[in-house]
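Peer 1: For reference, the structure I am asking about is given below.
Read-outs: derived from the displayed coordinates by stated rules, not from any lab. Computed from a predicted model, the values in this text were never measured in an experiment. Note: ideal-geometry Cβ built from the backbone for every residue, glycine included; neighbour counts use all protein chains shown.
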Amino acid sequence: MTTASTTASTATTASTISTASTASEAPAAPAAPAAPAAPAASAAPATLSVSVRELRLMTGRVLLTTAVPFGSVAAARDVVVTAETHGLDGLAGLLAALPALRAAHLRPEHRERTVRFPSPDAQPPLATAADLLDLVVARALTGGPVRLPVPGTDWAVRALAPLAARHGVLLTVAPDAVVARPAPGGPDPAPDAADLRALAHGVRVPAARWQRMVAEAERALTPDSPLSRTHAGDSVFGPGGEILAEAGEDEPAGAAV
């Protein structure tokens with residue numbers, strides 16, 4: 001009995017050793033393939049290609065936040081857009097002039113046949129550039145060459161030349177004056193080379209500058225409110241489309257409901 005027990009114990013031990021040896025000699029499982037590296041995040045573009053339509057839209061909204069009279073906003077917008085499409089950095093000029101444009105608006109002083117424009121130190125020339133354009137075009141077409149003692153070094157004044165050409169006036173600027181005379185060929189409303197290039201390919205604008213333009217333009221939008229979501233313009237509509245009340249821009253939000 002003792003011998004049998006010893007034999008069984010020996011067999012068990014041998015079996016254990018054999019099993020352990022077999023397990024240790026088994027080939028290791030292949031390693032899982034490494035996950036592909038995540039693609040590097042692409043850097044934000046330094047410049048953007050902005051369409052002329054977007055230039056006009058955002059520029060007009062920004063000017064609505066200034067003291068420029070509403071009736072002059074569209075004309076001032078065209079000055080900025082023309083400056084930008086013709087390489088005069090109109091957007092940079094507008095953004096730099098915003099604090100002064102929002103502070104006040106000085107009109108040109110008319111005295112019989114003379115007109116005195118605010119000096120660049122008193123007000124950015126953009127504020128009255130549209131007035132200057134109207135004046136030189138009218139005088140050049142009705143009375144021949146005209147010279148106005150308006151400094152022509154500012155970007156907004158230099159941007160008037162292509163705009164005047166559309167009305168048949170050749171405009172040249174000097175450090176101390178603006179000179180205009182009728183164009184021999186008459187009005188030329190067709191887009192010039194710079195306009196066509198901008199219309200076809202857009203205008204390259206630094207991304208940071210365009211983000212600033214968008215942020216400034218949003219100041220002209222109506223804040224979201226229950227009232228703003230129920231009307232467009234001066235009429236407040238009900239669920240069925242019926243007009244409930246009229247709400248003027250100067251009335252408090254609760255006055256129309």
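Peer 1: With each pseudo-label sitting 7 Å past Cα toward Cβ, what's the L106-A122 distance in nm, one decimal?
Peer 2: So the label points at L106 and A122 sit 0.4 nm apart.
Peer 1: So between T65 and A177, what do we pick up on full extension, going 0.36 nm a residue minus the alpha carbon distance?
Peer 2: Gain on stretching T65 to A177: 37.3 nm.
Peer 1: Would you pull out the residues with amide H under 5 Å of T47's amide H, same chain only if 5 or more places away, H placed 1.01 Å from N?
Peer 2: A207
Peer 1: Once both labels are modelled 7 Å past Cα along the beta-carbon direction, what's the A75-L196 spacing in nm?
Peer 2: Going by the 7 Å Cα→Cβ label model, 2.9 nm.
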